[in-house]
1. Got a sec? Which residues in segment 129-171 would a label at Asp182 touch, if it sits 7 Å along Cα→Cβ and we count backbone N under 17 Å?
2. For Asp154 and Glu4 in one chain, what is 0.36 nm times their gap in residues minus the Cα-Cα distance, to one decimal in nm?
3. Between segment 72-110 and segment 1-30, what is the C-alpha centre distance in whole Å?
4. Compute all pairwise cysteine Cβ distances in the chain, then list the cysteines with no distance under 4.7 Å to another cysteine.
5. For segment 48-202, count the residues as N, evaluate 2.2 N^0.38 Å, and divide the Cα radius of gyration by that value, please.
6. Check which residues have an amide H placed less than 5 Å from Leu13's amide H, if you skip close sequence neighbours.
7. Mind ranking 104-115, 132-143 by how tightly packed they are, going by the mean number of other C-beta atoms within 10 angstrom, highest first?
8. How large, in percent, is the carbon and sulfur part of the accessible surface of segment 62-135 at a probe radius of 1.4 Å?
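The values are calculated or read from the model by the stated rules, or taken from the named source; none is laboratory data. In this text the structure is predicted, and so the values were computed from the model without any measurement. Positions of Cβ are backbone-derived with ideal geometry, glycine not excepted, and every protein chain shown enters the neighbour counts. To get the accessible areas, we keep the full protein, side chains included, count just its heavy atoms, and leave off ligands, DNA and RNA. Shrake-Rupley method; radii C 1.70, N 1.55, O 1.52, S 1.80 Å.
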Amino acid sequence: MEIESIYREANALLEGHFILSSGKHSKFYLQSAKVLENPKLAEYLANRLANTIKNSSVEVDTICAPALGGILAGYELARALGKKSIFVERKDGEMQLRRGFEVKSGEKFIICEDIITTGGSAMEAKSVIEKLGGEVVGFASLANRGFCKTENIDIKILKGECKLDRTVPLFTLANFSFEIFDKSECPMCRDGDVAVKPGSRV
Ligand code: ZN
């Protein structure tokens, strides 16, 4: 099944006039939580993502997700690969490893997100793992927003600056490359339409 139609059917690919967390405007919004609320779908997507990793030469011990958005995707990916799952979380503005989770020296990690936009949180998670002696051998996400090059999908034109470490492969299920606009240049605003923060009317 096509990933885009799975997102649409789960009401996870919203169409309207949205203010993204970056402050930019877009006609579309991805809400992966709506796909992952269905455990069977989550399992299906994670299995597909796991297969792209199994088909590569990357070997991993543990999946680490940046909380909160990445936790469900990371957990399901770990289950599909038969690996351990941990997460890092933001406290006092800084990404940290808490809750008794441990990183062994040389332990190999994939950082898993639900959606990769520019990859900022994933890079913060990577830096936490590396400071504790772990090695990050890959990034993974269900959806990619078209800023970062991926291992398994050929993207002709990238949308903007990707913060991910390019020496580490990114595995993703689908590329959703929407147009985004500065408020001053947004065609929907120009038509007099009012933008909403996603979630405020659904
Ligand atoms: Zn607008």
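1. 160-161
2. Numbers: separation 150, 0.36 × 150 = 54.00 nm, distance 1.63 nm.
Computed gain between Asp154 and Glu4 is 52.4 nm.
3. Taking the Cα centre of each part, segment 72-110 and segment 1-30 sit 27 Å apart.
4. Cysteines of the chain left without a disulfide-compatible partner: Cys64, Cys112.
5. Numbers: Rg = 16.9 Å, N = 155, 2.2 N^0.38 = 15.0 Å.
For segment 48-202, the normalised Cα radius of gyration comes out at 1.13.
6. The answer is Arg8, Gln31.
7. Numbers: 104-115: 20.2, 132-143: 22.2.
Highest to lowest by the protection proxy: 132-143, 104-115.
8. Values: 1690 of 3530 Å².
Heavy-atom surface of segment 62-135 belonging to carbon and sulfur, 1.4 Å probe: 48 percent.
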